[in-house]
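Colleague: Pasting a structure below so you can have a look.
The values are calculated or read from the model by the stated rules, or taken from the named source; none is laboratory data. Not measured: the values here are computed from a predicted model. Cβ placement follows ideal geometry from the backbone for every residue including glycine, while neighbour counts extend to all protein chains displayed. The area values use the complete protein model at the heavy-atom level, side chains included, leaving out ligands, DNA and RNA. Shrake-Rupley method; radii C 1.70, N 1.55, O 1.52, S 1.80 Å.
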Amino acid sequence: MSKKYSSSTYFILILVIVLHAFAYSGESRRPFACDPANPGTRNLQFCKVSLPIHVRVQDLIGRLTLQEKIRLLVNNAASVERLGVNGYEWWSEALHGISNTGPGVKFGDAFPGATSFPQVITTAASFNTSLWQEIGRVVSDEGRAMYNGGAAGLTFWSPNVNILRDPRWGRCQETPGEDPHLVAQYAVSYVKGLQGGSGSGNTGRLKVAACCKHYTAYDLDDWNGFDRYHFNARVSKQDLEDTYNVPFKACVVEGNVASVMCSYNQINGKPSCADPTLLRDTIRAQWHLNGYIVSDCDSVGVLFYQQHYTRFPEDAAAATIKAGLDLDCGPFLAIHTEQAVRTGKVSELEIKYALANTITVQMRLGMFDGPSGPYANLGPRDVCTPAHQQLALQAAREGMVLLKNIGRALPLSPQRHRTVAVIGPNSDATVAMIGNYAGVPCGYISPLQGIARYARTVHQHGCMGVTCPGNQQFGLAEVAARHADATVLVMGLDQSIEAEARDRVSLLLPRYQQELISRVAMASRGPVVLVLMSGGPIDVTFAKNDPRVSAILWAGYPGQAGGAAIADVLFGTANPGGKLPMTWYPQDYVAKVSMTNMDMRADPIKGYPGRTYRFYKGPTVFPFGAGFSYTRFSQRLVSAPTTISVPTLHSDLEGNNTTTLMKQKTVRTIHTNCESLDLNMHIDVKNIGDMDGTHTILIFSTSPLGTKQLVAFDKVHVVAGANQRVKIKMNACKHLSVADEYGIRRIFMGEHKIHVDDDLKHSITFQASLKEIQV
């Protein structure tokens, strides 16, 4: 992952991939189980494709000894040779492309690389659900191809759907942002793209099996003496319901995800992986997961060795299995479960239930169907294809967010800006562009290489690495800017600053980066463009307010084609349309907020400002949803309801006087007919500028309580001078309800204010209709 490819090396790599594709037979992996060439298993029931999956699963489990069952409870599941079942590594990763972070994926030979898409936070900025699903489809094509070639598994522990609660979190880059609805829609789209398949039930076939992680309230890795292995997240029922659990529920209920991963941390004193309320009662019973629950890696061991949750290791094994855990990423259950059975702390029947969930997923994947199947033809020729790499470029373009553009300094012109000074520690970045949980990309196009396609470049790093420890090279950078027609500063962060197990302590640019930007901006004779690479927010107030910095472009971590995408946006080949999926706070915000405080809502009495745009009302560097285009759009509300009748029984209409927040009349969502509460809005979007562009429509609702939240969004491409009508679909129960302090979803009667970006405002009044209903 640390290797940097030149342009010539890039083409050689593609040639190698093509040559391997022609040589590939498509039969390099022997069947996981039920090999037709094995006469000993040919007539076993679990190998008969014509039988229902649940029958086949029970037949296989019934043939296993206790020791064989236990060895299947861990990620590196052992083979059962007497039944013709091979060993299997469950841990593969595919956060934004096939990754070798886990042991299930091996690059090399026929698979030297795979398409590396932009990091999730960047792709989320596109607000494009169809793009997210298409990326998932492509990643699953490449995953299946690598599985067929013996280079990957079929169970990919992605996506990460935790809320970006705190801007210092090192894993901000992995998430789709701070808004629960946005994160939920990303999760559903990406999971559907990955899994493909033909249904949601146990019989629904899977292309690959996705996994939504890390459940739940997990967003602290290592900060100020607190780490994820010991942290007890104290979370209110209200915040669990309307923030932390929203994406996970959507994953299961709408996305039909095949797996959920429980997290390292405790929630209100109980380890997530040993909490039956969170696992068995919620994921399984309420949301009806058709799949398996897996622990984050070694978290079962963590709850025993680090958290000292139980006295004996067999008690920890029993507690997790009883809570609803099906698979341990780590060796703990393989070592200690038999003793738990022998001492009566867990039953063999409970182990059978766990195995039924994991083996069912394997059968839905076709792993017990022999060598045939709908994806058996996929091979090396289906990895790093031109179409896949073009999609990576498109995704990077759509994720770019233009945060400042004084006097239309951008786009640059190849005719007027023939020489461009390209400066900064990320100016020739390659590995930095793909972020974490990445694999080996098909190749790289750095920002310097991308800009060189449009203009002659003069290159200076300015300082070595993003830590920028000194200013010795600033003079050379100033000279370059002084003699160029335009200057592009590519600054920001990388994995040395923010990563898993590496939370930040500051929101400012590292060390001397700010000085480099200011000095180069002072010296430059042409427009100065600041390009920022990062996963989390950065306080660049100085650059926002500096008139010599003409434009600011946030690129996130834009993936293998990031340099080409940056250049395409800078020179106007692509029109930026991305919006920030998170709030960019000023540095003094972090001085007021401990990372360990999980409360979302502000508490003015304690001086606690709250989190995310939904509850934080203080100053920002850039707000959630910020982002400009090279063109201009106007919006007109064509139609929307003004009154909604909410059917309910008289006894269900409540005025909860136990709290000052809940004195208005409300209807619980479980006490009305939610299917009758769909509502549609029609909005006309007109491109009133002189350039084709893509517009993101953001629909917010403010309830009678004053709570603002994103309730819908859409993406529409409009050519210059044209008009497009967009239909927005919402549901009152799902989108316009609010969780009370007990975690109960309620629809407030009265006026709900609907905001379409900052342009349009509309009111919808909810009225209770007292009548018999069918729910």
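Colleague: Could you give the semi-axes, largest first, of the ellipsoid that matches region 386-606, computed as the square roots of 5 times the alpha carbon gyration tensor eigenvalues and rounded to whole Å?
Modeller: 28, 21, 17
Colleague: Over region 394-464, what lengths in whole Å, largest first, do the semi-axes of the equivalent ellipsoid take, defined as the square roots of 5 times the eigenvalues of the alpha-carbon gyration tensor?
Modeller: Working through the eigenvalues yields semi-axes of 23, 16, 13 Å.
Colleague: Under 17 Å from a label point 7 Å along Cα→Cβ of SER763: give me every residue in region 733-754 with its amide N that close.
Modeller: 748-754
Colleague: Specify whether the C-alpha gyration tensor of region 329-471 places it in the rounded, prolate or oblate class, a ≥ b ≥ c being the square roots of the eigenvalues: rounded for a/c under 1.5, otherwise prolate if a/b is larger than b/c and oblate if not.
Modeller: prolate
Colleague: Please list, by residue number, every one of the trypsin sites (Lys or Arg not before Pro) in region 35-64 that is coil in DSSP and has at most 16 other beta-carbon atoms within 10 Å.
Modeller: In loop regions of region 35-64 (DSSP not H, G, I, E or B), the sparsely surrounded trypsin sites (Lys or Arg not before Pro) are ARG42, LYS48.
Colleague: From the residues LEU570, ASN76, HIS181, which one has its Cα farthest along the dipole of the chain in the positive direction, the dipole being from +1 and -1 charges on Cβ of Lys/Arg and Asp/Glu about the Cα centre?
Modeller: It is LEU570.
Colleague: So for region 348-411, Kirkwood radius off the Cα pairs, Stokes-Einstein at 20 °C and 1.002 mPa s: how many µm² s⁻¹?
Modeller: This corresponds to a translational diffusion coefficient of 126 µm²/s.
Colleague: Need one number: convex hull volume per residue for region 633-770, Cα atoms only, in Å³.
Modeller: Given the Cα convex hull of region 633-770, per-residue volume reads 93 Å³.
Colleague: Further, regarding this structure: Just round it to a whole percent: the fraction of Cα-Cα distances in the chain exceeding 54 Å.
Modeller: Tail fraction, whole percent: 11.
Colleague: Tell me the relative contact order for region 448-587 as a rounded percent, counting alpha carbon contacts under 8 Å between residues six or more apart.
Modeller: Value for region 448-587: 27 percent.
Colleague: Along the Cα→Cβ direction, 7 angstrom out, place labels at ASP678 and ASN471. What is the inter-label distance in nm?
Modeller: Going from the ASP678 label point to the ASN471 one covers 6.2 nm.
Colleague: For Cα pairs less than 8 Å apart in space and 6+ apart in sequence, what is the mean separation divided by the residue count of region 633-770, i.e. the relative contact order in percent?
Modeller: Reported relative contact order: 32 percent.
Colleague: Relative contact order, percent, of the chain when contacts are C-alpha pairs under 8 Å separated by at least 6 residues?
Modeller: The value is 14 percent.
Colleague: Here's something else I'd like to know. Based on the Cβ-Cβ distance from GLN390 to GLU81, what FRET efficiency comes out when R0 is 60 Å, to the nearest 0.05?
Modeller: Once rounded, the FRET efficiency stands at 0.85.
Colleague: Continuing with this model, one more query. According to a simple spin-label model (label point 7 Å from Cα along Cα-to-Cβ), what is the distance in nm between THR707 and ASP603?
Modeller: 1.8 nm
Colleague: If you take the Cα Rg of region 255-329 and divide it by 2.2 N^0.38 Å, with N the number of residues, what do you get?
Modeller: Computed over Cα atoms of region 255-329, the ratio equals 1.02.
Colleague: Can you find, among CYS733, GLN339, ALA151, the residue sitting farthest towards the positive end of the charge dipole of the chain, where Lys and Arg contribute +1 and Asp and Glu -1 at Cβ?
Modeller: Selected residue: CYS733.
Colleague: Another question, if that's okay. Using the alpha-carbon centroid of each, what span in Å lies between region 102-179 and region 231-277?
Modeller: So the two Cα centres are separated by 21 Å.
Colleague: Something else now. What is the dipole size for region 527-656, taken about its Cα centre, with +1 at each Lys and Arg Cβ and -1 at each Asp and Glu Cβ, in debye to the nearest 20?
Modeller: Dipole magnitude for region 527-656 comes out near 260 debye.
Colleague: Moving on to the next point. Just how far, in whole angstrom, is region 716-731 from region 329-362 if you go by their alpha carbon centroids?
Modeller: That distance is 52 Å.
Colleague: Something else about it: In whole percent, and with a 1.4 Å probe on the protein chains, what portion of the accessible area of the chain is carbon and sulfur?
Modeller: Reported share for carbon and sulfur atoms: 51 percent.
Colleague: Count of lysine pairs in region 386-606 with Cα atoms under 18 Å apart, counting only pairs 8 or more residues apart in sequence or on different chains?
Modeller: So the count works out to 4.
Colleague: Let me confirm the definition first: pairs of Lys residues in region 633-770, 8 or more apart or on different chains, C-alpha distance under 24 Å. How many are there?
Modeller: Counting lysine pairs in region 633-770 gives 29.
Colleague: Would you please put 263-274, 687-698 in order of how densely packed they are, using the mean number of other Cβ atoms within 10 angstrom per residue and starting with the highest?
Modeller: Ranking, from highest mean packing down: 263-274, 687-698.
Colleague: Would you mind putting 509-520, 560-571, 396-407, 576-587 in packing order, based on average other-beta-carbon counts within 10 Å, highest first?
Modeller: Packing order, densest peptide first, comes out as 560-571, 576-587, 396-407, 509-520.
Colleague: Where in region 201-238 does the amide nitrogen come within less than 18 Å of the point 7 Å from the Cα of TYR742, taken along Cα to Cβ?
Modeller: 236-238
Colleague: Dipole of the chain (Lys/Arg Cβ +1, Asp/Glu Cβ -1, origin at the Cα centre): which of VAL257, ILE359, SER769 lies farthest to the positive side?
Modeller: Selected residue: SER769.
Colleague: Quick one: putting +1 on the C-beta of Lys and Arg, -1 on the C-beta of Asp and Glu, what dipole do you get for region 386-606 around its Cα centre, in Debye to the nearest 20?
Modeller: 640 debye
Colleague: For the chain, what is the charge dipole size about the Cα centre, in debye to the nearest 20, if Lys and Arg each add +1 at the Cβ and Asp and Glu each add -1 at the Cβ?
Modeller: 900 debye
Colleague: What does the accessible area per residue of the chain come to in Å², with a 1.4 Å probe and no ligands, DNA or RNA counted?
Modeller: 36 Å²
Colleague: Looking only at Cβ-Cβ distances, which cysteines of the chain have no other cysteine closer than 4.7 Å?
Modeller: Here CYS172, CYS211 come out as lacking a disulfide-compatible partner, given the Cβ-Cβ threshold of under 4.7 Å.
Colleague: Can you sort ASP275, ASP227, ASP758 by solvent-accessible area, 1.4 Å probe, largest first?
Modeller: ASP758, ASP227, ASP275
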